[in-house]
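S.K.: This is the structure I want to talk about, given as structure tokens.
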Amino acid sequence: MASTEPRASLVVRDERPDDREAVFATHAAAFERPDEAELVDRIRANGHARIALVAELETVLVGHILFSPVTLQCADGAVDGLGLAPLAVAPANQRAGIGGALVRAGLARCRALATPYVVVLGHPEYYPRFGFTNASAHHVDNEYGATEAFQVLELVPGGLPARGGLALYGPELRP
Ligand SMILES: CC(C)(COP(=O)(O)OP(=O)(O)OC[C@H]1O[C@@H](n2cnc3c(N)ncnc32)[C@H](O)[C@@H]1OP(=O)(O)O)[C@@H](O)C(=O)NCCC(=O)NCCS
């Protein structure tokens, strides 16, 4: 029976340059298209990968998560945060807690960097378990016309401006 508890041999670590091919293959397989894999390459090449972690099972790369800069434009100026995108777990290893381990480890890094907030455009049934809530409840808008899928997590008290604003991703992710 599938378990959402990660197996004991799971290791989450920083991405290394020699992980590139396996990271590309993992995203391409998980999303069943190359778009997200190519997106990771572009973000990395532009020096915008602020946090990039891989998950390994018995030294085989089975998952990857990336965080890149986001700016929240609000009435009083701009507040910098991070956007979680993309996240992928190899199809054969899904529903075993690996995606959750990557998200938790990534958010721990975000907290260590005193990141005020993190946004994600993703499955509305998946991210609330990590504390994400609908961004519209915080008056945080997006450029994609996303509603339930656009979610936010405040990591520092007051990290999100009370009146919200418009979240702008980096150039690789702009519509
Ligand atoms: C989404 C994804 C990263 C989750 O990783 P995972 O290792 O399979 O997930 P976990 O084992 O940590 O968590 C499993 C839970 O997530 C849920 N889940 C998995 N994929 C989901 C999806 N696409 N939508 C909603 N919930 C999902 C499972 O139903 C399960 O829920 P349960 O604990 O209530 O049974 C992985 O399935 C994946 O790579 N999917 C394809 C690419 C993708 O959609 N990436 C995310 C873009 S937002």
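S.K.: State all residues of region 60-72 that are within 19 Å of Gly99 (Cβ to Cβ) and open to solvent by 10 Å² or more (accessible area, probe 1.4 Å); if no residue qualifies, say none.
M.R.: Of everything in region 60-72, those that are within 19 Å of Gly99 (Cβ to Cβ) and open to solvent by 10 Å² or more (accessible area, probe 1.4 Å) turn out to be Val60, Leu61.
S.K.: Of the residues Arg20, Arg33, Arg44, Arg111, only one is within 12 Å of the ligand (Cβ to nearest atom) and either assigned to a strand (DSSP E or B) or at pLDDT 95 or above (or both); which? Break it down into steps so the answer makes sense when it comes.
M.R.: On the way: Arg20 fails: within 12 Å of the ligand (Cβ to nearest atom); Arg44 fails: within 12 Å of the ligand (Cβ to nearest atom); Arg111 fails: within 12 Å of the ligand (Cβ to nearest atom).
After applying the criteria, what remains is Arg33.
S.K.: Pull out all pairs, ordered by first then second residue, where Cβ-Cβ is under 7 Å, the residues are six or more apart or on different chains, the first lies in region 89-107 and is more than 8 Å from the ligand (Cβ to nearest atom), and the second is open to solvent by 10 Å² or more (accessible area, probe 1.4 Å).
M.R.: Within 7 Å, the pairs are Arg104/Phe130; Ala105/Val12; Leu107/Phe130.
S.K.: Kindly check whether there is at least one residue in region 77-84 that is within 17 Å of Phe150 (Cα to Cα) and within 13 Å of the ligand (Cβ to nearest atom).
M.R.: Checking region 77-84: at least one residue is within 17 Å of Phe150 (Cα to Cα) and within 13 Å of the ligand (Cβ to nearest atom).
S.K.: Looking only at region 125-154, count how many residues are assigned to a loop (DSSP other than H, G, I, E, B) and closer than 19 Å to Gly77 by Cβ.
M.R.: Here the count works out to 3.
S.K.: Quick one: which of Ala52, Ala75, Ala28 is open to solvent by less than 80 Å² (accessible area, probe 1.4 Å), in contact (Cβ under 8 Å) with a residue 24 or more places away in the chain and small (Gly, Ala, Ser)?
M.R.: Step by step, each of Ala52, Ala75, Ala28 is checked, and only Ala52 is open to solvent by less than 80 Å² (accessible area, probe 1.4 Å), in contact (Cβ under 8 Å) with a residue 24 or more places away in the chain and small (Gly, Ala, Ser).
S.K.: Name every residue in region 87-97 that is part of a strand (DSSP E or B) and either aromatic (Phe, Trp, Tyr) or open to solvent by 10 Å² or more (accessible area, probe 1.4 Å) (or both), in order of residue number.
M.R.: Listed by number, the residues that qualify are Leu87, Val89.
S.K.: So Glu56 ticks every box in (1) within 13 Å of the ligand (Cβ to nearest atom); (2) within 20 Å of Glu36 (Cβ to Cβ); (3) over 16 Å from the mean Cα position of the chain (by Cα) but one. Which box is left unticked?
M.R.: The single condition Glu56 does not satisfy is (1).
S.K.: Among Gly159, Gly100, Gly131, Gly122, which is open to solvent by less than 60 Å² (accessible area, probe 1.4 Å) and at positive phi?
M.R.: After ruling out the rest, the residue left standing is Gly131.
The values are calculated or read from the model by the stated rules, or taken from the named source; none is laboratory data. These figures come from a predicted structure and were not determined experimentally. In this analysis, Cβ positions are derived from the backbone assuming ideal geometry, glycine residues included, and neighbour counts consider all displayed protein chains. Only protein heavy atoms, including side chains, enter the accessible area calculation; ligands, DNA and RNA are left aside. Shrake-Rupley method; radii C 1.70, N 1.55, O 1.52, S 1.80 Å.
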